[in-house]
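Values in this text are rule-based calculations from the coordinates and carry no lab data. From a predicted model like this one, the values you see are computed outputs, not experimental measurements. Positions of Cβ are backbone-derived with ideal geometry, glycine not excepted, and every protein chain shown enters the neighbour counts.
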Amino acid sequence: MNTIFKKTAGLTDVQTHYCPGCTHGIVHRLVGEVLEELGVLDRTVGIASVGCSVMAYEYFNCDMVQAPHGRAPAVATGVKRTLGRDSVVFTYQGDGDLAAIGTAETVHAATRGENITVIFINNAIYGMTGGQMAPTTLPGQVTQTTPNARNVLTDGFPIRVMEMLATLDGVAYAERVSSGDIPDIQKAKRAIKKAFTCQMEGKGFSIVEVLSTCPTNWGISPSESMEWLQTHMTRQYPLGVFKDVTETGVFPVLTDNPMDL
Amino acid sequence: MEPILMKGNEVLAQAAIFAGCRQYFGYPITPQTEIAAYMSRQMPKAGGVYLQAESEVAAINMVLGAGAAGGRAMTSTSSPGLSLMTEGISYIAGMDIPCLIVNVQRGGPGLGGIQPSQADYWQATRALGHGDFHVMVFAPSSVQEIADLVPRAFDLADQYRVPAMFLMDGSLGQMMEPVAFPDKPADPGALPEKPWAAVGNGGKRPNNILNSLMLKAPVLEASVLERFDRYEAIKQELCEYEAYRTGDAQIVLVAYGTTARIAKSVVDEARKEGIKAGLFRPVTLWPYPYEPLSRLSARCFLAVEMSMGQMVEDVRLAVNGRAPVHFYGRTGGMIPRPNEVLERVRALAKDPSGKGADR
């Protein structure tokens, strides 16, 4: 019998807890496939964050550490600096974790040029706690804590993380992609692979933001969610490469010392 | 090694390097910054990691990551910074990650002052973060004792997978005294293996997962109970104290750290006046040496602290009503003067019930 498809070795056999229509599962698979294709699963340590993806430590098929809310980039820094350049260290964080409570850890890991890869899931809402306003919630979007829709006069504006991080010298690669349709998912995988490759070559901080869906808390069907992602979210969060210095890397010189990150 | 003259904070840093620590993460705050400054000079020479974090919050989480990856990792801070670290310490405890956390205390609450204090005793021994857990707390009272206790703390932390803390104060951190380091520093490569660490599975074993989330209550309870079994084992192994002239003492002063040095001189002065005074000095604050303290049959006890009275509660637990337990303390960065304490001792020698104000 010919095998025409098999699950990636980058994921365990544990059944995920994600809701129908949520694209966490897709992004998990992309990360797992990339780690498998790069042949680094045996020397990878993943950092799970707090939010819907907290149990990612059971899903990725590599050593995992679960970080306090927002602190994943600091935890990843400790792991990477201890294990050295040959290790592969990534965080998997949602918008509340990365862009609200963990803003400082994100910005400073980025500006240090920390040689880690951050996978950033932006679905414009707090999913795990039941659908509250996120730092990336769109103006006019209804959530549990913006019942009359996000009003920028009182709730402020959403934050564009890629555009902000692109200004930092330590960032080698920052791209925003989408999980909204098949071509975009293929682009997302290429971006994730590029980010991990950047890390393996010691070129500096790499981050991929993946626009994602949350039908449960958006209160619409999975197919309507894909539609909403492609129309509304990409208007607020344009797709594209915001920083790419992966050719030269962010550091002036790379040495042969594996502890020089 | 031959004794050399060094500052307490720098001795702590050098002792950590000699003990095989190769990951230090910190954030500047007075009066402990000499530890970070020393590490920034010496850690690279030792082939280790020195990193100035963006906050104490980040620093403790870098320690979490380095410890999870099997490193002998540490951080140091002072009181307001320690408050910021308590979230990470709770996670570290819940994930059973060994490490060393140093608090060189200053006066509080709030931003407080930068003079020495012992006002974080409750925080260190009772509430170092949310949830049911302890850390081992060491309270050296001399520069040499810092050097002696650091390797012990790292070893016990590794052995039990329980974090260790040094509770010092600004006075001990800033003072210079002669210190002799061990002749043979530890080889970080020769420390006991950590098969649980997240270092990459090497394609040879099941994934190592370090995690403190347990949504099923019976599972979480079982994990806490297992950890408390280890705490019981620690209590059997670790109970450090110094008893000075307590054999026939009718008044026993109880003090740790810097105040123990003051109390010791008061004991000697009181003895010259014919007052039978002694000093009981806990070296470990958790586990607290309740049992040896409870064996002393003095007519009264006097806890001396640089706080409004925190450790005095542990003295009362140990004495358990068998004799009056009194308190004398200064706070806000003020250090008790020997003559102030001696006045209290003289009064208690006349009336052990100590009628009048305890402060």
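In this label model, B:Glu343 and A:Lys6 are separated by 8.3 nm, measuring between points 7 Å along each Cα→Cβ vector. For a paramagnetic label modelled on B:Leu191 (point 7 Å from Cα along Cα→Cβ), amide N atoms under 14 Å away belong, within segment B:49-63, to B:49-50, B:63. Hey, for a label at B:Ser353 modelled as a point 7 Å past Cα toward Cβ, could you say which residues of segment B:289-304 have their backbone N under 17 Å away? Within reach of a label on B:Ser353: B:299-301. For the options B:Lys194, B:Lys204, B:Lys276, a Gaussian network treatment of chain B with springs between C-alpha atoms closer than 10 Å singles out B:Lys204 as fluctuating the most. For A:Ala149 and B:Lys184, the FRET efficiency from 1/(1 + (r/R0)^6), where r spans their Cβ atoms and R0 equals 60 Å, is about 0.30.
Backbone phi angles across segment B:263-280, fed through the Karplus curve with coefficients 6.51, -1.76 and 1.60 (θ = phi - 60°), yield HN-Hα couplings of 4, 5, 5, 5, 4, 5, 4, 4, 4, 4, 8, x, 8, 7, 10, x, 10, 10 Hz in residue order; Gly and Pro are listed as x. When the Cα atoms of chain A are aligned to their principal axes, the ranges along those axes come out at 57, 54, 31 Å in descending order.
Using C-alpha pairs below 8 Å separated by at least 6 residues, the relative contact order for segment B:242-350 is 30 percent. Temperature 25 °C, viscosity 0.890 mPa s: under these conditions the Stokes-Einstein estimate for segment B:4-237, based on its Kirkwood radius over C-alpha pairs, is 137 µm² per second. Pairing the Cα long axis of helix B:79-94 with the longest principal axis of chain B, what angle in degrees results, from 0 to 90 and rounded to the nearest 10? Tilt relative to chain B: about 60 degrees.
Mean per-residue shielding of peptide B:64-77 is 5, counting Cβ atoms of other chains within 10 Å of each Cβ. List the lysines whose Cα sits under 30 Å from the Cα of B:Lys276, skipping any in the same chain fewer than 8 residues away. Straight-line reach from B:Lys276, under 30 Å: B:Lys264, B:Lys350, B:Lys355.
State the percent of C-alpha pairs, over all pairs in segment B:242-350, separated by a distance greater than 16 angstrom. It works out to 51 percent of all Cα pairs.
Using only Cα atoms, tell me the angle between helix A:24-37 and the longest principal axis of chain A; keep it within 0 to 90° and round to the nearest 10. Tilt relative to chain A: about 10 degrees. With the cut-off at 1.5 for a/c, could you classify the protein assembly as shown from its C-alpha gyration tensor as rounded, prolate or oblate? It is prolate, given that a/c is not under 1.5 and a/b is the larger ratio.
Excluding same-chain neighbours fewer than eight residues apart, the lysines reachable from A:Lys203 by a Cα-Cα span under 28 Å are A:Lys80, A:Lys187, A:Lys189, A:Lys193, A:Lys194, A:Lys243, B:Lys45. For chain B, the longest principal axis of the C-alpha atoms and the axis of helix B:338-350 are separated by about 50°.
Here's the picture: charge each Lys and Arg Cβ at +1 and each Asp and Glu Cβ at -1 in segment B:4-237, and of B:Asn207, B:Met85, B:Gln123 the one pushed furthest to the positive end of that dipole is B:Asn207. Peptide A:56-62 is shielded by partner chain Cβ atoms: per residue, an average of 3 of them sit within 10 Å of its Cβ.
Under the shape rule built on the C-alpha gyration tensor, where the axes satisfy a ≥ b ≥ c, segment A:39-92 is oblate, since a/c reaches at least 1.5 while a/b does not exceed b/c. Three principal axis extents of segment A:81-198 based on alpha-carbon atoms, in descending order, are 50, 34, 26 Å. Just checking the listed ones, B:Ala260, B:Ala270, B:Ala157: in the Gaussian network model of chain B with Cα springs under 10 Å, the one fluctuating most is B:Ala270.
Sorting A:156-165, A:29-38 by their mean Cβ neighbour count within 10 Å, with the most densely packed peptide first, gives A:29-38, A:156-165. Ordering B:47-57, B:208-218, B:298-308, A:69-79 by mean Cβ neighbour count within 10 Å, with the highest value first, yields A:69-79, B:298-308, B:47-57, B:208-218. Using just its DSSP H runs of length 4 or more, each adding -39500 (n - 2.57), chain A gives a mean residue ellipticity at 222 nm of -8500 deg cm²/dmol after division by all residues. Assuming charge only on the beta carbon of Lys and Arg (+1) and of Asp and Glu (-1), the dipole of segment B:1-97 about its Cα centre is about 280 debye to the nearest 20. When DSSP beta bridges are restricted to pairs lying wholly in chain A, around 20% turn out antiparallel. Structural descriptor for segment A:115-224: relative contact order 34 percent, calculated from alpha carbon pairs under 8 angstrom and at least 6 residues apart. Among beta bridges identified by DSSP and lying wholly in the protein assembly as shown, the antiparallel ones come to about 25 percent.
Entry for segment B:74-131 at q = 0.16, 0.30 Å⁻¹: log10 I(q)/I(0) = -0.47, -1.35, Debye formula applied to identical alpha-carbon scatterers, no solvent contribution.
By definition, a body whose alpha carbon gyration tensor gives a ≥ b ≥ c is oblate when a/c is 1.5 or more and a/b is not larger than b/c, and segment A:1-133 fits this oblate description. Remark: mean inter-chain Cβ contacts per residue of B:207-220 equal 4, using a 10 Å Cβ-Cβ cutoff to other protein chain atoms.
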